[in-house]
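Here, each number is a calculation from the coordinates, and none is a lab measurement. This is a predicted model, so every value here is computed, not measured. Glycine also receives a Cβ, built like all others from the backbone with ideal geometry; neighbour counts cover every protein chain displayed.
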C-alpha cells in the first residue's frame, strides 16, 4: 500500500466517521417534548411605563420597560430598566437612568404586594454654572401594595431608603402597573 492510497483511505474513513457521529448527534436534538420547550416564555410577562409631562418651561419624559417571570400564581420576579429626562427652563436639565429588580407576591387574586430595588444614575446640569453640576447614584427600596384586576394593578409604594436628598418629591408614590 502506497502512501497516497493510505491517505485516501484515511480521508474516506474520517469522512464516514464524521457523518456517523453527526447523525447520532442530530438524532439527540429532539428529546425535549414540544410542550416543555416554550414553557419558560409562557410564564414571562412584559410591561412597564411611559411618561410625558409638559408645562410652562418644564419637560418630563420617562421610559421604563420591564419583564417578570411568574413562578406560580402567587410569586413573580422581574427586572426593569429606566430612563428619565427632566428639564426646567433656565434652571436645570437632568438625565436619570438605571435598573431595578422587582418581586411580586399575590396572597389572593385581587391583592398584590411588591418589593422593588432600584439603582439610578443621576446627572444634573445646572444652567449657568458647570461647577454646580451633579453626578451621583441614587438607591431606592420600595415596598408597595395594590389592588389587582387582570393584568393591571393600582396601588402605592413607599421608599424605605428615602432621605432629604431623595430624587423623588416624596417617599410615598402611587403607581399603576400593567403586564401583558
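Please sort 42-52, 81-91 by packing, taking for each peptide the average over its residues of neighbouring beta carbons within 10 angstrom, highest first.
81-91, 42-52
Show me the ranking of peptides 71-78, 150-157 by mean Cβ neighbours inside 10 Å, starting with the highest. Walk me through the intermediate numbers first.
Values: 71-78: 13.0, 150-157: 15.2.
Top to bottom by mean Cβ count within 10 Å: 150-157, 71-78.
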